[in-house]
Amino acid sequence: MNLRRLLVLALLLNPLLSPLPARGADPAEHTILVLGDSLTFGYGLPDPATQAYPALLQQKLDTRASAAPGAPRWRVVNAGVSGDTTSGGLRRADWVSRQPVAILVLALGSNDGLRGLNPALIEANLAAIGDRLAARNPGLRVLLVGQRMPVSMGDYAAQFEAVFPRLAAARGWALAPFLLEGVGGVPELNQADAIHPNEAGHVRLAETVWTALSPLLDPPAAVSAP
């Protein structure tokens, strides 16, 4: 195992307890639950509560609500835990959805890939997370956020990447193809570890997720009877 892989494992496989959201529950608000790992938690940022991409999504939603006072209000819950895997996400799915959830942003899998776990297991866990939350939240909309592995991992990288579009298509979920689009491998958008995005990187992550999330914010138009 090379030094870089040891560094990745040391940083990503050490779970941290995800903080409960600071904002109180409001029955007039709809909840967006972002279930992820250190990339979602905001590992290494000076203030993850305001700088991680889920917080930036909240800012976009608040701006949207200000421009349209009658529109639904949304509350983003950052359920990112550093080092989490799809198995870990499945274990805590019930705990993080104790309150009603309208949209699930499912951004797990990168740590599974770094461990070289079976893509079939990753896919099954992601599907089970979505199913479990949907059972508790009828009408749940799911946005699956794709992950990728370095091409140096060979055939495994392609098999891993294929999990996300295949699962989204099979379940009718929305898909953001790659969370780190335009960020991975760009030094000025990452911290010194070259793994975790910095503040500017999280701005880019928020844009990537927002592009796929925004169409889910309003219910589909009603279809008139013939």
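Since every read-out is calculated from the coordinates, none of them should be taken as a lab result. Only a predicted model underlies this, so the values are computations on that prediction, with no experimental measurement involved. Positions of Cβ are generated from backbone atoms using ideal geometry, with glycine treated the same way; all protein chains shown enter the neighbour counts.
Summary of computed values
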quantity	calculated
Qualifying chymotrypsin sites (Phe, Trp or Tyr not before Pro) for region 135-224 [loop in DSSP, other Cβ within 10 Å: at most 16]	Phe178
Percent RCO, i.e. relative contact order, over region 28-216, from Cα pairs under 8 Å lying at least 6 residues apart	22
Per principal axis, descending, Cα span of region 28-216 in whole Å	50, 39, 26
As computed over region 102-182, the Cα convex hull volume per residue (Å³)	83
Rh by Kirkwood over Cα pairs, then Stokes-Einstein D for region 121-226 at 1.567 mPa s and 4 °C, µm²/s	82
Projected label distance in nm at Ala124 and Asp155, using a 7 Å step from Cα toward the beta-carbon	2.1
